[in-house]
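Below is one structure, written out as structure tokens; the observations come after it.
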């Protein structure tokens, strides 16, 4: 049989993917009598190209899907993309800035229209890139988080939660991004280590340490720990404090939340500008005095510093305090974590704002119970403790965002004061019949919609055919870094909305790092472009490199050398196949194993067949146990060392003996076919290409639907 000398993935992979799509095997059947195996793809953001982190989840999920398909399950891998709220708005605003425009130049309606078109164009690119990675998805069911049907389901949930008393609008301290001009949830905030001056300021007879002297105009108390003997005599006393705006009186309170080891053990309480101070303020019924505006500048309550940016005001206030001899000392090497916007990296300003919130504690309780009752299993198991800790300490979730891109909050207001929550715009006010209604200008946090992803993709709240058959889903696979962002919220929403868990297993992979275990970033110049790598070495080499040596939950170590190593493995598979097919010439084999006569087996025959049986057992067990790295290594080791290095070399000698030549051919073909099946979940393109060339009678249309080797 004529097989090219060199395996060229670039010329083969596109052709093979078209074969899979045309075959119809990617499409799932909800009327099947088989047991379903369902994965809902974590939707990549429809605002850019795929990165190496996407390649990790695609590889892991495709391994599961291909394995279960060959095991005879009715598999569904449902793909989709995310509108990605703030992130996409930031990306598109940068695009507009290059044209010297802002979203305000376009207006809300036109900005939304253009961003939607931009996202749809990126959605197509992302889907094309997923195909290049070999993702065997059911493209007929592809979804987008802003699809009209999904939007209606999201609004249905909002309305139901409001009516159940789980959603409310209120004034609370929130994370405010002055650059994005929106509220953020705690999980949308990153923390950067910074070195800032720590100022020791005299507050009457006391001295306290603070990084933020510019918020002192919002101080409404001074606090110490109740057990701190140094300050017992001051507790519940009012003291006189000199400030840059004159002398004020301030009460000294005690609270167990104060750390006596920080600074002098004395802290200023500024309820409007610090989350911890806000809680202390509530406990002690303190005044809330906001001195920084939503524009990131000092307001009128800052007196002569009004209109100044925060850092400018800080510098001038410190100079003034020094002139007044109110600064005792400055620690210039104070290191601390500073909250920044997860999207634009601007410094977060904690501010009091009226927003929409969810009472998450009521949702968290059944979500905790589902994991404790083992209805949902975490892989690896140690993430359960982290999940419990976060869920047991969960705070109300701010779900409103002051942006234009996303699901607009389904609340309408009438001049008569009536507030209407509806899935679609009401024709008129039910109270006064006025048709001129004003919709809430805020949009929903993107995690509010993506938290409902596992069931809204199936047409919920309708009990569709897909919903009945494929939900709950089988496995949720994602990075551990969004355990709280996404996984916990899906569990809470799933149980609340459907009365069922959203998935049975949660598989968490680690972050992608380079060979020196450094996190990949553009600034470090160590980012690997998965699409560029595929063009150079092929998707199979990249996939195998990503899973090889990487256990669940651990960081994925990747380098070009590792990918090149797996590219050599594809060459090994190709060359071994060329040798085998060259030996058996144009013979047709109905079933290679049936032709193997056990009484005539040589020592080498027995050894390879025994090794194959052992490998099938190991790979099967490891795949069932979600130990994909072990399964990959089992398959790799068997093919390279036991099959190629040992048996193929022995077969060359056996071909010299006419009596066992035909049986040797059978064994070679049998072991090759079994090896292709074992390797297919990891390296789908080359295994499918070789399978199409095998001289087998009655073979399947595609390797992807061949039966998994029996143990």
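The values are calculated or read from the model by the stated rules, or taken from the named source; none is laboratory data. Everything quoted here is computed from the prediction, not taken from an experiment. All Cβ positions, glycine included, derive from the backbone under ideal geometry; neighbour counts span all protein chains shown.
Residues that are more than 27 Å from residue 138 (Cβ to Cβ), in the same structural domain as residue 38 (by TED's automatic domain parsing) and crowded, with 22+ Cβ neighbours inside 10 Å: does region 470-479 have at least one? No, every residue in region 470-479 fails to be more than 27 Å from residue 138 (Cβ to Cβ), in the same structural domain as residue 38 (by TED's automatic domain parsing) and crowded, with 22+ Cβ neighbours inside 10 Å.
Looking across region 262-282, just one residue is surrounded by 23 or more Cβ atoms within 10 Å (Cβ to Cβ) and free of Cβ contacts under 8 Å to residues at least 40 places away in the same chain, and that is 277. Of all the numbered requirements in (1) more than 35 Å from the chain's Cα centre (by Cα); (2) outside any loop (DSSP other than H, G, I, E, B), residue 675 misses one, and that requirement is (1). Applying the condition of being out of contact with any strand residue (DSSP E or B) (no Cβ under 7 Å at 6 or more places or on another chain) and outside any helix (DSSP H, G or I) to region 610-636 and asking which residue is farthest from residue 672 (Cα to Cα) yields 625. Here the strands (runs of 3 or more DSSP E) wholly within region 161-227 that include at least 2 residues being under 26 Å from the mean Cα position of the chain (by Cα) are 167-177, 182-184, 189-203. Scanning region 678-703 for residues being in a helix (DSSP H, G or I) and over 32 Å from the mean Cα position of the chain (by Cα) gives a total of 3. The number of residues in region 694-706 being at pLDDT below 95 and either touching a helix residue (DSSP H, G or I) at 6+ places or on another chain (Cβ under 7 Å) or not assigned by TED's automatic domain parsing to the domain that holds residue 669 (or both) comes to 2. Is it the case that some residue within region 24-34 is in contact with a strand residue (DSSP E or B) (Cβ under 6 Å, 6 or more places away or on another chain) and touching a residue at least 60 places away in the same chain (Cβ under 8 Å)? Yes, that holds for at least one residue. Of the residues making up region 434-476, those that are touching a helix residue (DSSP H, G or I) at 6+ places or on another chain (Cβ under 8 Å), in a helix (DSSP H, G or I) and more than 30 Å from residue 415 (Cα to Cα) number 8. When 257, 236 are checked against the criterion of being over 26 Å from residue 331 (Cα atoms), assigned to a loop (DSSP other than H, G, I, E, B) and in contact (Cβ under 8 Å) with a residue 12 or more places away in the chain, 236 stands alone in meeting it. Among the residues examined, residue 160 qualifies as under 30 Å from residue 362 (Cβ atoms), touching a residue at least 12 places away in the same chain (Cβ under 8 Å), assigned by TED's automatic domain parsing to the domain that holds residue 52 and surrounded by fewer than 18 Cβ atoms within 10 Å (Cβ to Cβ).
Checking each residue in region 294-329 for being assigned to a strand (DSSP E or B) and farther than 21 Å from residue 245 by Cβ picks out only 329.
One residue stands out in region 527-542 among those that are under 11 Å from residue 558 (Cβ atoms) and buried (at least 24 other Cβ atoms within 10 Å of the Cβ): the one that is nearest to the chain's Cα centre (by Cα), namely 530. The set of residues in region 237-253 being crowded, with 18+ Cβ neighbours inside 10 Å and over 29 Å from residue 308 (Cβ atoms) consists of 252, 253. Considered as a group, the residues in region 527-548 that are within 17 Å of residue 54 (Cβ to Cβ) and in a loop (DSSP other than H, G, I, E, B) include one that is modelled with the lowest pLDDT, and that residue is 527. Against the conditions (1) at pLDDT below 95; (2) within 38 Å of the chain's Cα centre (by Cα); (3) more than 15 Å from residue 244 (Cα to Cα), residue 291 satisfies every one except (3). Scanning region 187-202 for residues that are touching a helix residue (DSSP H, G or I) at 6+ places or on another chain (Cβ under 9 Å) and closer than 22 Å to residue 326 by Cβ yields a total of 4. If you check residue 244 against the conditions, is it without any contact (Cβ under 8 Å) to a residue 40 or more places away in the chain and in the same structural domain as residue 314 (by TED's automatic domain parsing)? Considered against the rule, which asks whether it is without any contact (Cβ under 8 Å) to a residue 40 or more places away in the chain and in the same structural domain as residue 314 (by TED's automatic domain parsing), residue 244 comes out as no.
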